[in-house]
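Let me begin by presenting the structure, written as structure tokens, before commenting on it.
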Amino acid sequence: MTGAQIFMLHKTIIVRSLGLALAASLFLTGCGDNKSEQASAHQGAAQAIPVNTVTISAKPIQLTTELSGRVKAFRVAQVRPQVSGIILKRYFTEGSNVKAGELLYQIDPATYQADVDNARANLAEAKANAHSAGLKAKRYAKLIKTNAISEQDYDDAQATWKQQQAAIEAAQASLEEAQINLKRTKITAPISGRIGVSDVSEGALVTANQTGVMATIQQLDPVYVDVQQSTEALLRQKREIANGSLNINDDNSANVHFILDDNSTYQFPGRLQFSDVTVDPSTGMVDQRIIARNPQHLLLPGMFIRAVLHEGTRKNAILVPQKAVSHNPRGEAEVMLVNADDQIQPKIIKTERAIGQDWLVSSGLKVGDKVVVAGLQNIRQGSKVQPNDVTANYQDSSDQTQNQ
């Protein structure tokens, strides 16, 4: 083989080698591009953050407010003497129930009986004098016609008769007064109820219209429960009643149930009238009075009690789980919504009160909104998410809270 042939062979080998190298390079470049595209696609898929959401709906709910109150007797009567005298006997047992008109104390009636007897005698004397004066006046009426007596004598006889008739009326009034005072020596219960401690005993001297009470009677069935509520809450109730968003009883009252100090529920409900209110000028709170049955006398005056007021039914209430609500630096309540593109959008809302594990929302949310309830720590405005709807779980929990 000549030198020229050897040169050409080497050239051919070099050209083929370069071609193979170029082809390999192009193949590797193509593989690298495919891997880069796959990595980019995988990275884009990983940016969609999984979150749990609930879909907002509207439903009627029963609104309640818990208020603190004190029990007060329905009626209170302080027993005092209306006449003076010595107490002869007490007829009741302290702490027992008494009926209206039942005898409680007996004051010594001797002097008052004597007054009655004296007044009765005076009445009899006045009647006798009037009878005599009447007969004389009739005789003089006949004699004056024949001028047997002077007109002065006739006039005097008529005046005397009328004076004796007036004396009868005065004596009758004195007798009635004496009888009233005698009757008042028997001190009776002005109302039915439970009577407390007796502040006087047998042998004690009592005086008419004294300031000290002998005993106190309290009617305990029914009883009042006095509570206080803010004017803001009262105005909101009235506004919602007026626009029909809050329903109450036909008689403009609300049902109430009570919670005792041991956290047990009192078996008898109460009724609150919205119209019976006054505003305390020192606190700005509204005084409201609840009336409740108390046949077992379990509620006693002065007892602390919690009243759960059933305000009515909110027809189209919107609730949002409390765990979904946070507050921004301005202190505004905020939730994270998932829009139609599965992106996060913050939303400012206004809440009224807590109901179970939810907030009652007055503005900011509408039916159909998707609110994030889990995964909040991984998202921010504009984040791409993969929503997982868990509305059914929260509805079951909310229904259980409402039924309790």
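Any read-out appearing in this document is the output of simple, stated calculations on the displayed coordinates, not a laboratory observation. Since the model is a prediction, treat every value here as computed from it, not as a measurement. Positions of Cβ are generated from backbone atoms using ideal geometry, with glycine treated the same way; all protein chains shown enter the neighbour counts.
When ranked by the protection proxy of mean other Cβ atoms within 10 Å per residue, highest first, what sequence do the peptides 317-326, 360-369 form?
Values: 317-326: 19.0, 360-369: 15.6.
Order by mean packing, descending: 317-326, 360-369.
Sequence-ordered 3J(HN,Hα) estimates for region 138-151 from the Karplus curve with 6.51, -1.76 and 1.60 and θ = phi - 60° stand at 5, 5, 5, 5, 6, 5, 5, 6, 9, 6, 6, 10, 7, 4 Hz, glycine and proline given as x.
Taking amide H positions as modeled 1.01 Å from N, with prolines and chain starts lacking one, the residues under 5 Å from residue 333 and 5 or more places away or on another chain are 349.
What list do you get for 282, 68, 84 if you sort them by fewest beta carbons within 10 Å?
Working: 282 6, 68 11, 84 17.
Ranking 282, 68, 84 by Cβ neighbours within 10 Å, fewest first, gives 282, 68, 84.
Using C-alpha pairs under 8 Å with a sequence gap of at least 6, the mean separation divided by the residue count of region 302-370 gives a relative contact order of 29 percent. For residue 145, the lysines whose Cα comes closer than 29 Å to its Cα, not counting residues fewer than 8 places off in the same chain, are 127, 136, 162.
Each residue of region 292-297 was assigned a 3J(HN,Hα) from its phi angle through the Karplus curve 6.51 cos²θ - 1.76 cosθ + 1.60 (θ = phi - 60°); the sequence is 9, 5, 8, x, 8, 6 Hz, with glycine and proline shown as x. Annotation for region 132-178 versus region 196-247: alpha-carbon center distance of 58 Å.
Compute the relative contact order of region 109-183 as a whole-number percentage, counting only Cα pairs closer than 8 Å that sit 6 or more residues apart in sequence. All intermediate terms of the calculation are to be shown ahead of the outcome.
Details: 62 pairs, mean separation 40.0, N = 75.
Taking the mean separation of contacting Cα pairs over the length of region 109-183, I get 53 percent.
The string of couplings for region 299-306 from the Karplus curve (6.51, -1.76, 1.60, θ = phi - 60°) is 8, 10, x, x, 5, 7, 8, 9 Hz, one whole number per residue in order, with x for Gly and Pro. A straight Cα-to-Cα reach below 14 Å connects residue 370 with the aspartates and glutamates 334, 341, 342, 389, residues fewer than 8 places away in its own chain not being considered.
Using the Kirkwood radius over C-alpha pairs as Rh, can you work out the diffusion coefficient of region 109-183 via Stokes-Einstein at 20 °C, viscosity 1.002 mPa s, in µm² per second?
Values: Rh = 13.6 Å.
Once the numbers are plugged in, D ends up at 157 µm²/s.
Under 5 Å from the amide H of residue 312 lie the amide H atoms of 63, each residue being 5 or more positions distant or on a separate chain, with H modelled from the backbone and absent for Pro and chain starts. Among the GluC sites (Glu not before Pro) in region 299-404, those placed in a DSSP loop whose Cβ has at most 13 other Cβ atoms within 10 Å are 332. Here the residues 131, 327, 310, ranked from fewest to most Cβ neighbours within 10 Å of their Cβ, fall in the order 327, 131, 310.
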